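The structure appears right after this line, and notes come after that.
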Amino acid sequence: MRAAGASYQDIKAAEEDALNRGAQPKSGPLSRPSGRGPAAALLVAGVGVAITLGWQAYAADSYGTAIGEQRLVTLKDGSRIRLDTDSRVRVRLRANERRIELAAGQAFFEVAPDPSRPFVVQADGAAITALGTRFDVSRGSSGVEVTLVEGKVRVDSAASSGHGSWTLKPGEQVMLRADLPRPRVRAVDAGAATSWTTGRLVFQGAPLSEAVAEVNRYSRRKVILQDPK
């Protein structure tokens, strides 16, 4: 691990200095050794280890699905992420927190309890914080939707679609969408909202255009609705 207080820039500068000194030409074949060769080599090796370990500490594991594919990912802490079609997440598990970025698509989270390490999902300006819970997050072109199935989550948003903080109860959904005048919390059928996790799509009172758009996420061959009315 790198020394306390040493920044990446400090380590990089030390590495470049060691390499430059090691590359200085000798005055001749019988010139007196400077005595810095082994030390420089050790310094470079040490710096290499520091950089590698430092990079690993901040590196993220990435998971994704193709169009029409679903995937279940089990994390090292026991939490599970079920990815829907055409979705991507980046996972960072650290000593003091578990942070997941939903870069695209939709994911269902089953969080292993660990009060000392909050589980935070980031999606387009929204941060969803949970402890021992099950919830769904969808990120699309229109914004973010969070549906709570079990437990408790707090949703904090700094997105352009709406600012604020909401605490959801099971069966509630918050919609942070650009096409809505303000964020909205509503009661939903959590089973229907997360039906995709069972291999089905269930719609209740949704416009046909919305249902068609959802179905089209699962195939490269698109259904075309000629008359939206």
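Worth pointing out:
- Taken together, the residues in region 141-150 that are surrounded by fewer than 19 Cβ atoms within 10 Å (Cβ to Cβ) and modelled with pLDDT under 95 amount to 2.
- Test: residue in region 216-229 that is among the β-branched types (Val, Ile, Thr) and either touching a Leu at 6+ places or on another chain (Cβ under 7 Å) or not in a loop (DSSP other than H, G, I, E, B) (or both): no
- Flag for VAL185 being open to solvent by 30 Å² or more (accessible area, probe 1.4 Å), more than 25 Å from ALA112 (Cβ to Cβ), at pLDDT below 95 and part of a loop (DSSP other than H, G, I, E, B): no
- Entry remark, region 211-228: residues being within 28 Å of the chain's Cα centre (by Cα) and without any contact (Cβ under 8 Å) to a residue 60 or more places away in the chain number 6 in total.
- Qualifying position, being closer than 18 Å to ALA123 by Cα, open to solvent by less than 30 Å² (accessible area, probe 1.4 Å) and either among the small types (Gly, Ala, Ser) or in a helix (DSSP H, G or I) (or both), among SER157, SER165: SER157
The values are calculated or read from the model by the stated rules, or taken from the named source; none is laboratory data. Source: prediction; values computed, not measured. Cβ atoms come from the backbone with ideal geometry, glycine included; neighbour counts cover every protein chain shown. Quick note on the areas: whole protein, heavy atoms, side chains included, nothing else; ligands and nucleic acids left out. Shrake-Rupley method; radii C 1.70, N 1.55, O 1.52, S 1.80 Å.
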